[in-house]
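Below: the structure, in C-alpha cells.
The values are calculated or read from the model by the stated rules, or taken from the named source; none is laboratory data. The structure presented is a predicted model; accordingly, all values stated were derived computationally and were not measured. With ideal geometry, Cβ positions are generated from the backbone for all residues, glycine too; neighbour counts draw on all protein chains shown. Surface areas here come from the heavy atoms of the whole protein model, side chains and all, with no ligands, DNA or RNA. Shrake-Rupley method; radii C 1.70, N 1.55, O 1.52, S 1.80 Å.
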Amino acid sequence: MYAALASSPIGAEARTLLPKVETMVAVFYFGLFAMSFDFIFGYTGYLSFGHAIFYGTGAYFVVLVANGKLPLLPAGTPFVVSILLAGVLAAVIAVLVGSVSFRLSGVYFAMITLGFSQVAYVFIRGWGYVSENPRDGAAVSTATHPSGFDIGIPGVDALNLAIGQLTGDSVAVGMVALNGTEVSYYMVGLVVLVCYFAMQRLIHSPFGKVMLAIRENEERTEAVGYEPFRFKLAAFAISGFFAAIAGGLFAGFRRSVAPENSMYFLVTGDALLSSIIGGFGTLAGPLYGRLFDETVREFLSKSGAGGGLLPYLRDHLPASVMESVVYNGLTVGEAINTFLNGHASLYIGLVFVLFVLYVPAGLLGTLRARFDGPLAKRVPDYLDRLRP
Amino acid sequence: MFVDAFGQFLRPETLLNVFIDGLSKAAIYAMIALGLTLVFALLGVLNFAHGSLTMIGAYLGGLLMVVFVGGTTGGLQRLVVFFVAVVVVFALVASLGGLVEVGLIRELYDRPPIYQILLTFGLALVLDELVRIVVTFYGLQPVADWQDALGTKPAFMADALSLGPIAVSPLSLFQILIGAITVAAVWVFLTRTRYGMIVRAGSEDDEMTAALGIDVHRVFTVVFAIGSGIAGVAGLLLAWDPVWGASLPLAHETLLPAFVVVIVGGLGTFRGTVVAAVLVGMVDATMTWWFQNAITFTGLPEMMIFLVLVVTLIVRPQGLFGVAEVGDH
C-alpha cells in the first residue's frame, strides 16, 4: 500500500503525508499503552496519571530478562513468556498501588498515582543494578540476543518470527517478500490486535458494564450491590497487565529502554494526548489518536528519510520564495526551519487544547455520536443507503 | 560509616546549615505552590501549566537582569534592578495568566474538573514548546547568557557568609526573605483586604458570592493572574540560583514538587501550603545532605519528596490541613 502510493505520480506528496512502517510499529505498541490507559480512564473515569509505571515495568522487565539479570529467568527465556510475566508483575504492582490509591478519587487519585510513578522513575534512574549508567537506561547487547525477539508459540520454532528495529526476521513466501521491519509490523500488530480483542471482550462483558456504572455514578453502583473498590482494582490490574505488554513490545522492538521514555510522567501524558484526540471511552480511539500524533510528528520531523513537510517544502518551493524576506530580515526558509523543524509538540499541544475545548469526545467518539453507534455496525447501513 | 555520618549530622552546625538550606528551599516551594493553591481554592483548577509559568518567569527575569544590570557592579544598584524586575515579571506573567483564564479556562467551568487538568496539561505543552522555539531561534541556550544571568546577582551574594561556626549562603537568606515577604503579602491580601475577603467567600461558595452581586468571573481572572505572577517572580528568583537557573526543564522540576506541596498541605488551603512547603523543604535539604555525605543513591532527595506525598495521601487523604471534600474535587 505504502510502496504503491509512494511510487505513484503523487509519490512525493504521499511520502510527505503517510507514516512509515517504522512509525506504524511505534503507533501499535504505544497505541496499546494508550488503550490500556483508556481502559481505566475512559471506562471507570479514574485519571491514572502514573500509568507509565506499568509501561516502564514491562519495558525494564523484558530488557532485564534478556540481559539475564533476573533470578530464575535465563537470558534465553522466550520473549512471549517474558512479556506475559512482565504483565503479571505489572498487575501485581497495580493491585498494590491501586489498593492504596482507590481510596481517593478525582484529582487526588491522579496525584497519588503520579507520586507512585515518580518514585519508581527516580528509583529506576538511580538503580545501578539495571545498567552501568542507569540515567541513560539499559540496552540489550547483540552478544546476548543476536537476532531479535521471537513472537510466537515457545517451543514451536516454525511459528516464531523475530521483531526488532535493526534486527529481526525477513520472510519470503511465494510472491510476498517482507523485510525485517515489515515482519515486526505484522507481529507487533498481531499482539496488539489480540490484546485489543481481549480488552474489547472485557468491556462488553458484565464486568465492563459495572466499570461504566462506576464512571457514571459510583454511589449508585454500590447501592445496587456491587462493591466498586474490587471492580476498580480488578480493572486497574487488567489495565496494568496490558500496559506492561505494550512496554515489553516497545523494549523488544527498540532493544533498549531509558527512564525518560518509559517511566516518566510525560509518557503517561502522551497516552493522555492520544486518548483525548482519539476519543476517550472508545477503546480503539487511542490507537487512532496515537496514529495522528505520530503522523504529525513525522510530518514535521527534520529528517528527510521518512518524508515530511520540511524536506518537501525545501525540494519543491522555488529558491526565490525561500529567500524572500518575511519580516525583519527573516527569510521564508529560516522561518520554515524555525517553526517546522521538529516542533511537533507545539502543534499537537494546540490540537489537544482545541480538542479539549471543542471536540471533547475525540475523533472516534464524535464519529460514533454522528453515526449513532459503533462505526463497524453503522457504517455499512449508511453505505447501503447511498446505493442507487 | 553510617554511624559516623549520623554523628556528624547531629552536630549543631550541620543541623543549622541544613535548617537554613531547608528554609530557602521551602521559600521557593511556597512561592510556586501559593499560586497553585490560590487558583485551586477559588477556581477548582489544578493548573498543570504552572511550572511553565515559573519557567517563563525565569527566562524573562534573566533577560531583564542581563540587559539592565549590564555594566553596573554596585550591589545596591543590582538589588534595585532586581526589584524593578520583580515588578515587571509579575506584571507580564500575571497578564499572561489573566489571558489564559479569560481565553481558555473560562470555557470549562461547567464541565467535570478533569477537563481542566487536561486543558492545562495541553497548555503546558504549548507554552514549553513556544519558549523552546524562541530560545533556539535566538540561540539563547545553552549559550553563556544564562550564566550571565547567574552572574547578575550582587557580589556580596556570591560568597558564603560565615556566621560564627557555620557558613551561610547569602542567596539562601535572600530567598528566605523574599519567600517570607510573599507569604506575608498573600496572607495580608487574603485576610486584611476587602478583595481578599471576596476571594475567600468565592472559594467557600462561588454561587452564593455571585448571588451577592459580585462579579465572580472577574475575581477568578484576577486570582489566576496573581497566582501566575507569583510563579513568575519565583522563577526570577530561581534564575539567580546556580542549582536551578533559567532552563527549559525548570517547568517540570518546579511543577512536580509544587504539586507535592499543595497536595500534602491539603488542596486549596493557605496554611497547609505554607506548612507543607516547610516540611518538603526540610526533607529535601536533609536528604540532600545525606546524599552528599553518606548515601550514594542519586535520586534520594527527589524520591523522598514523592514518598512524602504518597505517605501523606495514605495516612490522611485530604492532606494535612485539608477538609475531606474541598469543593467536590
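By per-residue mean of other Cβ atoms within 10 Å, what is the highest-first order of A:72-79, B:276-283, B:288-295?
Details: A:72-79: 14.0, B:276-283: 23.5, B:288-295: 16.2.
Answer by packing, highest mean first, reads B:276-283, B:288-295, A:72-79.
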What does the structure give for B:115-121 when I average, per residue, the other chain Cβ atoms found within 10 Å of the residue Cβ? 6
Looking only at lysines whose Cα falls under 22 Å of A:Lys209's and that sit 8 or more positions away or on another chain, we get A:Lys232, A:Lys377
Taking the Cα atoms of chain B, report the difference between the largest and smallest coordinate on each principal axis, in whole Å and largest first. 61, 50, 37
Accessible area expressed per residue, the range A:203-303, with surrounding protein chains retained (probe 1.4 Å, Å²): 35 Å²
Give me the distance in nm between label points sitting 7 Å out from Cα along the Cα-to-Cβ direction at B:Ala211 and A:Val359, one decimal. 4.1 nm
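Summed for both chains, how many Å² of accessible area, to the nearest 100, are buried between B and A with a 1.4 Å probe? Show your work: numbers first, answer last.
Details: alone 15790 and 19150 Å², together 30850 Å².
Answer for the B-A pair: about 4100 Å² buried.
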At R0 = 60 Å the Cβ-Cβ FRET efficiency linking A:Ala139 and B:Arg218, nearest 0.05, sits at 0.60
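Within 10 Å of each Cβ in B:123-134, how many Cβ atoms from other chains are there, averaged over the peptide? Working shown, then result.
Details: counts 5, 3, 12, 9, 2, 3, 8, 5, 0, 4, 5, 1.
Counting other chains' Cβ atoms within 10 Å and averaging over B:123-134 gives 5.
Once neighbouring chains are kept in place and the probe is 1.4 Å, which whole percent of the accessible area of the protein assembly as shown is contributed by carbon and sulfur?
Details: 20410 of 30850 Å².
Of the solvent-accessible surface of the protein assembly as shown, carbon and sulfur hold 66 percent.
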So what are the radius of gyration and Dmax for the Cα set of the protein assembly as shown, in Å? 27.0, 96
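Averaged across A:102-115, how many Cβ atoms of other chains sit within 10 Å of each residue's Cβ atom? Working shown, then result.
Working: counts 0, 3, 4, 3, 8, 13, 9, 2, 5, 11, 7, 2, 7, 14.
The mean count of partner-chain Cβ atoms within 10 Å per residue comes to 6.
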Computed over the range B:1-58, Cα set: Rg, Dmax in Å: 17.6, 51
Take the alpha carbon atoms of the range B:29-138, find their radius of gyration, then divide it by 2.2 N^0.38 Å using N residues; give the quotient. 1.24
Give the residues of the range A:199-240 whose amide nitrogen is closer than 19 Å to a point set 7 Å from the Cα of A:Ser99 in the direction of its Cβ. A:227-240
Would you kindly calculate the mean projected area, averaged across all directions, of the convex hull enclosing the Cα atoms of the range B:161-238, in square nanometres? 6.6 nm²
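So how do B:188-195, A:105-112, A:23-30, B:311-318 stack up, highest first, on mean other-Cβ count within 10 Å?
Working: B:188-195: 11.6, A:105-112: 22.1, A:23-30: 24.5, B:311-318: 16.2.
The packing order, highest mean first, is A:23-30, A:105-112, B:311-318, B:188-195.
Can you order the peptides A:253-260, B:49-56 by their average number of other Cβ atoms within 10 Å per residue, highest first?
Values: A:253-260: 21.6, B:49-56: 29.0.
The densest-packed peptide leads the list: B:49-56, A:253-260.
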